[in-house]
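The block underneath contains the structure these notes are about, expressed in structure tokens.
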Amino acid sequence: MDRTIGTLIKIAVPIVIGVVVILILNSITSASCLNDFEGCLVDGGMDTDLAGLIAISLGVVLVATFPLLVTILLIWIERKFAARIQDRIGPNRVGPIGLVQPLADVVKLLGKEDITPAGADKWLYNASPVMMVMSVLLIWAVMPLTPYHYGIDLEIGILYFIAVASIGTLAVIMAGWSSNNKYALLGAFRVVAQLISYEVPLALALLVPVMLAGSMSMVGIVEAQAGMWFLFSAPIAAFLFFISSQAETGRAPFDLLEAESELVAGYNIEYSGMKFAMFFAGEFMHVFTNGVLMAVIFTGGWYGPFAREAPLLAFTYLMLKSGFWYLLSLLMRNALPRVRIDQLMTFNWKFLVPLSIANLLMTAFLLKLVQEGGLAPSPEEASDFIANIPQTVVLFLGNVALAAFVMTLIRNQGREERLAEDAGEPSDLTVTPAPAGD
Amino acid sequence: MNVLSEWAFIGVFFVLAPVLPALPIAIGGILSPRKPNAIKQATYECGVETVGDTWVQFKVQYYIYGLVFLIFDVEMVFLFPWALAYGQLDFFAFGAGLLFIFLLTDALIYTWRKDALEWA
Amino acid sequence: MTFGDLTYEAFAFGFFTILTLGGALGVVANRNLVRGAVWLIVSLFGVAGYFVLLSAPFLAAVQVLVYIGAIGILFTFAVMLTRSMTNLNERYNQQWWIAAVTSIALFGMLVLLVILPVFGEQETAVSDVVATTADLGVALVSGDAYVLPFEVASLLLTAAMIGAIVIAREEE
């Protein structure tokens, strides 16, 4: 009993102190030059355009540096989490509880010799890691961090995100080709095949929040979740987006392509030192970005009590939600075994894509029924929780029905396969060696 | 004009964002030793000498996945404005979208049945 | 926003022109086909920039998504999967003069029919109406707008996919 109270106090006191600090900081920064940098510069006598340009550049630097800094923390979280799941301690030598470990890694990688393989295409070889990290950083330009602070509110935010993700696939194939190494090229082809395959259910799943919110901009989608999170209106879409985004980053269980035991690290065989670190950091950043996107698109972003009055609190809500999704993906990574490449492709084209199409059609049908039937909340009461319930219930039941249908199909197919296997026929689950020339 | 000022941010981002990963690479280039020799720069092939040119056997499956992805990509592009304006439309719009998606699902089923989606 | 006599818009236009034309030149003039594919991608980025300048951000994103993300990748696949395409030896083949005549004729046709009417003596007014993506969505499925081309486009895509599968699986 005492231990329980002690633990509760250990958790509650930091939270209370943290909230108080956040509120104090918020009231300090809200009325100062920090919020209206451009205005401060113009008041100081600078030309309007130049002040605008400098304000934009400062915004860009801030928005782009934040994920890089968070990545350093994420490396530590990842290693500690993986270690605890594997019943060991993880980094604990460098700094208190190992917190300085990522910095030590960075320092080590800075000192590694940069070996460029002979015959490599120098331009493409050097540009690929930069392009890979850039494709992740560009997503942060549209991310709504607080109700008032975001890079830019593009009208086409979601489509911009998908377009930028497709730049990352280019970076991979350039990396594989320019290494002048057939294993790197093979690895790069497989990675690109995986990445482009999983973009289809990703985009089809993202169509559902766009339909529900009536807007493609990230800020619009967050604002549309004032009444009800899209996680409850469209759980299958959230599931599809989560799985597809894990596969897009090459995260387990889809990490066949960076598997250390096969293809010797794939397309980044020939990279050493900081370039390799950039690929690595880019992947961590991408996973975190996916967590933040999951929070923004499906769980209401920065919404929470008192979010609008205290932007720093809104930011904290966003970080808590995205931390939850990130930890979920870490858990998936450490608990599930790796998927084979043909299983990967079958899973995508024969399960995820038809499911996403069916989900889209079902949501479209039910949404139109709800809107014509008058159950939808009118724009005035869109932010009222109670008014959103009828529409959410209808959509949720539709999702449940679709999920039940799909599970029945899978169960029947599984039963058939099991019976066939018992009768002695070979099944898809046994490993058949791939034909030569793979 | 306001579109331009919106996208000015993205433009500056495109220019400044490559600097952020390039900076550590440049610092690494300065700090790291540089001792190239022929063996270190040889192409890695699990420790043995490379055999043959660097090319990969043409496996048509990669191209097929690319083609199917392209078709679905264009389909997505058509569906985005449809989904965006969905709230303002009537039931006819759902029917139009249903027909559109149905035709493409047809194509997917054809591809499935012709075993074009197998990895082997 | 002005910078002397040169507005930021003009500066952006010039930059995207350099990107598009320079990329196109790079595609044609490069002996290494993989480098050529990369220059093509640069050129397509320039076209995406044009769409932004024309207040059509949706089309810019579509350009990056479809052209660069799908077609660019297909080009790169095709170039990388075929052997000995990295160093072509002959730059001019036998019919280069036919190609030169045709391209000059095409250029002249474009100038006469497209550029002169728009920018020549009788200037037609450029429309001030800027449609949003939602308007595009409404237009695509309205019965009195573009719903028929919308469905025909879907048929076209289906035909393309079936045709591609037939050609690619021919050897099976």
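Of note:
- Some residue of segment B:69-76 being facing another protein chain (nearest Cβ under 7 Å), modelled with pLDDT of 80 or more and more than 30 Å from C:LEU140 (Cβ to Cβ): no
- Index of the failed condition, B:ASP53 passing every other in (1) at the interface with chain A (Cβ under 9 Å from one of its Cβ atoms); (2) modelled with pLDDT under 60; (3) more than 23 Å from A:TRP177 (Cα to Cα): (3)
- Segment C:37-79 - residue that is more than 7 Å from every other protein chain (Cβ to nearest Cβ) and closer than 20 Å to A:TYR198 by Cα and, of those, farthest from the chain's Cα centre (by Cα): C:PHE75
- When residues of segment C:34-54 are limited to those that are in contact (Cβ under 8 Å) with a residue 40 or more places away in the chain and closer than 26 Å to A:SER178 by Cα, the one surrounded by the most Cβ atoms within 10 Å (Cβ to Cβ): C:ALA37
So that you can scan it fast, the table gives a plain yes or no per residue for (1) more than 7 Å from chain B (Cβ to nearest Cβ); (2) surrounded by fewer than 20 Cβ atoms within 10 Å (Cβ to Cβ):
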residue: A:GLY111; (1), (2): no, yes
residue: A:LYS122; (1), (2): yes, yes
residue: A:ILE139; (1), (2): yes, no
residue: A:LEU145; (1), (2): yes, no
residue: A:TYR148; (1), (2): yes, yes
residue: A:ILE152; (1), (2): no, no
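- Restricting the first member to segment C:61-78 and to residues that are in contact (Cβ under 8 Å) with a residue 24 or more places away in the chain, and the second to residues that are among the polar types (S, T, N, Q) and assigned to a helix (DSSP H, G or I), the beta-carbon pairs closer than 9 Å and six or more apart or on different chains are C:ILE68/A:SER166; C:GLY72/A:SER166.
- Of all the residues in segment A:346-370, those that are over 14 Å from B:GLY97 (Cβ atoms), more than 7 Å from chain B (Cβ to nearest Cβ) and not hydrophobic (A, V, I, L, M, F, W, C) number 4.
- Residue match in segment A:186-206 (condition: surrounded by fewer than 22 Cβ atoms within 10 Å (Cβ to Cβ) and free of Cβ contacts under 8 Å to residues at least 12 places away in the same chain): no
- Of the residues A:GLY6, A:GLY52, A:GLY59, the single one that is small (Gly, Ala, Ser), assigned to a helix (DSSP H, G or I), farther than 18 Å from B:ALA8 by Cβ and modelled with pLDDT of 60 or more is A:GLY6.
- Any chance C:THR7 is modelled with pLDDT under 90, among the hydroxyl-bearing types (Ser, Thr, Tyr) and under 15 Å from A:MET174 (Cα atoms): no
- With respect to the stated conditions, A:ALA281 fails to be over 22 Å from A:ILE115 (Cα atoms), at pLDDT 75 or above and within 12 Å of chain B (Cβ to nearest Cβ).
- Verdict on A:GLN343 being polar (S, T, N, Q), facing chain B (nearest Cβ under 10 Å), closer than 24 Å to A:HIS286 by Cα and part of a helix (DSSP H, G or I): yes
- Taken together, A:ARG79, A:ARG93 contain a single residue that is more than 10 Å from chain B (Cβ to nearest Cβ), over 25 Å from A:MET278 (Cβ atoms) and either modelled with pLDDT under 85 or not in a loop (DSSP other than H, G, I, E, B) (or both), which is A:ARG93.
The values are calculated or read from the model by the stated rules, or taken from the named source; none is laboratory data. Keep in mind that what you see is a predicted model, and the values were worked out from it rather than measured. Backbone-built Cβ (ideal geometry, glycine too); neighbour counts: all protein chains shown.
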